[in-house]
Amino acid sequence: MKTDQLIAALAADTKTVSRPINRQLWMAIAGGAIVAALIFLFGVGPRPDISAALETPRFLYKYVLTLSLLASALGLMLHLARPGAVPKGWLAALAIPPVLLIASVIAEFLFVPPSAWGMSLMGKNAVVCLVLIPLLSAAPLAAVMWTLRDGAPTHPVLAGAAAGLVAAGIGATLYATHCQDDSPFFVATWYGIAILIVTVVGAVLGSRLLRW
């Protein structure tokens with residue numbers, strides 16, 4: 001049987017394959033997220049001024065960014081776990097978080113004095129951000145990658161990258177509760193680098209673990 005015929009046969013078997021792998025992935029995400037949340041609660045914790053921060057738009061907007069990333073990456077990953085074409089709609093959905101982030105950066109340029117741009121960019125916890133987001137993403141990434149091995153992704157590198165984005169979305173959402181740097185400049189730079197690190201790790205793992 002040729003490769004194209006094999007892919008078509010696997011894709012046609014969605015009733016018996018797609019639902020179980022999706023269920024397994026949801027369980028993996030939940031388990032990984034619980035482990036990450038426990039690490040956060042007992043090892044990191046929320047920022048000291050969390051009550052006041054919850055009343056500020058810039059703090060809350062970080063969740064808009066991280067959760068939109070998580071949702072779009074999750075939709076893409078669930079489709080890529082099964083054989084078939086890359087879902088263009090979910091790929092397009094991945095553009096939503098960057099667009100929202102760019103809009104917030106533009107607003108920051110307009111409303112923050114130029115003298116404060118450097119401080120807003122560097123923040124107070126750049127190194128902590130680069131460490132904690134990958135750390136909090138590790139358990140979700142491991143759980144999802146292990147489960148994806150039971151699927152049949154046609155595009156293993158892309159599936160791994162999507163898994164990395166899902167894990168990074170979880171890690172970044174948790175870290176946002178601890179982070180006292182709310183500037184879009186900081187989020188675009190340091191959250192962006194940390195998320196990219198996790199995504200690249202996911203892509204590399206996908207290239208090695210998800211090939212059939």
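The values are calculated or read from the model by the stated rules, or taken from the named source; none is laboratory data. Computed from a predicted structure; not experimentally measured. Backbone-built Cβ (ideal geometry, glycine too); neighbour counts: all protein chains shown.
Worth pointing out:
- Test: residue in segment 78-91 that is out of contact with any Leu (no Cβ under 8 Å at 6 or more places or on another chain), in a helix (DSSP H, G or I), basic (K, R) and surrounded by fewer than 16 Cβ atoms within 10 Å (Cβ to Cβ): yes
- Close Cβ contacts (under 8 Å, 6 or more residues apart or on different chains) running from residues in segment 89-103 that are more than 12 Å from V187 (Cα to Cα) to residues that are at pLDDT below 95 and of a type in the set (K, R) are absent.
- Of all residues in segment 122-143 being surrounded by fewer than 19 Cβ atoms within 10 Å (Cβ to Cβ) and within 13 Å of G202 (Cβ to Cβ), the one that is nearest to the chain's Cα centre (by Cα): A138
- Selection of segment 194-212 for residues being closer than 27 Å to F109 by Cα and in contact with a helix residue (DSSP H, G or I) (Cβ under 6 Å, 6 or more places away or on another chain) yields A194, I195, I197.
- Of all residues in segment 193-204, exactly one satisfies the criterion of being farther than 13 Å from P134 by Cβ and surrounded by 18 or more Cβ atoms within 10 Å (Cβ to Cβ), namely A203.
- Residues satisfying the stated conditions in segment 176-192, i.e. over 12 Å from the mean Cα position of the chain (by Cα) and assigned to a helix (DSSP H, G or I): A176, T177, H178, P184, F185, F186, V187, A188, T189, W190
- Condition met for W146 (of a type in the set (A, V, I, L, M, F, W, C) and surrounded by fewer than 16 Cβ atoms within 10 Å (Cβ to Cβ)): yes
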